[in-house]
Amino acid sequence: MITAAALCPWPPLLVRELTGADPVLPELRAACDAAVAAVLAAAPGVVVVAGPGPATERLPADGRLDVAAFGGLPGPSAAAGRPALPPAPGIGAYLLDRAGYAGRRVIWSVSEDEPPGKCARLGADLAGTAERTGLLVLGDGSARRGPKAPGHFDERAAAFDAAVEEAVRAGDLGALLDIDPALARDLMATGRPAWQLLAGALRAGARPEGAGGGPAAPAVDVQYAGDPFGVKYLVASLIPSLS
């Protein structure tokens, strides 16, 4: 069962080895640290890390971020002879390392080609054990929010990101599952498959709510929402209403 979940972006500016002594966007870094701390405060027996990657596959649990993937110097994982992770799951492992977490990990990458139903089923499978499980999901919003954004400007980006943020704030798991993969790809929103994995995981163990019997919404705390470089970053803690 999922005891607590965190949603974080995965920009390289979160990594100290890439930004030096003066952090870029320290408030974003602090928000990610707070979201991870909330997951660990729920005393999980294992933490699952999931983020976009070239394929949908389980990755080595001892894998670490290789900062060379961002064009920087070889990172601690390479020096220690540990497997290098794709950048997004690697950022997740980095955030757990920074929090001092030394417990068990399960690490997944999720392909951008994975359809919503399969993302949700993978999330449900990860949540479908009796073990107390923390979930750390990595994903960025649109990268087309302005003329200097990585994907330049797309007038659809603001509405897309606003809908995602509204769904997260409301704990509306159905709305996250309804995100259009084609639109997300057009807008370079890498978080889509991970968001839908998150929704599937939180729905799996949520208690029914009301006469309709649908899953109760999780309690949500959004620690950061912004687009300082034309890319939407969202940080949130989500605590499921367990059945």
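Read-outs: derived from the displayed coordinates by stated rules, not from any lab. Computed from a predicted structure; not experimentally measured. Heads up, the Cβs are rebuilt from the backbone with ideal geometry, glycines too, and the neighbour counts pull from every protein chain shown.
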Would you pull out the residues with amide H under 5 Å of Trp108's amide H, same chain only if 5 or more places away, H placed 1.01 Å from N?
Val49, Ala50, Gly51, Leu59
Using the Karplus curve 6.51 cos²θ - 1.76 cosθ + 1.60 with θ = phi - 60°, work out ³J(HN,Hα) for each residue of segment 157-162 in order, rounded to whole Hz, and write x for Gly and Pro.
5, 4, 5, 4, 5, 5
Mean projection area, nm², convex hull over Cα of the chain:
12.2 nm²
Under Karplus coefficients 6.51, -1.76 and 1.60, residue-wise ³J(HN,Hα) of segment 123-137 in Hz, glycine/proline x:
x, 5, 5, 5, 8, x, 10, 7, 6, 5, 10, x, 10, 10, 10
Evaluate the charge dipole of segment 2-239 about its Cα centre and quote only its size in Debye, nearest 20, assuming +1 on the Cβ of each Lys and Arg and -1 on the Cβ of each Asp and Glu.
460 debye
Scan around Gln223 for amide H atoms under 5 Å from its own, H built in the peptide plane at 1.01 Å from N, and keep only partners 5 or more places away or cross-chain.
Val235, Ala236, Ser237
Give me D for segment 29-142 in µm² s⁻¹, whole number, from Stokes-Einstein with Rh from the Kirkwood sum over alpha-carbon pairs, 25 °C and 0.890 mPa s.
169 µm²/s
When the chain is fully extended, how far beyond the present Cα-Cα distance does Ala162 get from Leu18, taking 0.36 nm per residue of separation?
48.9 nm
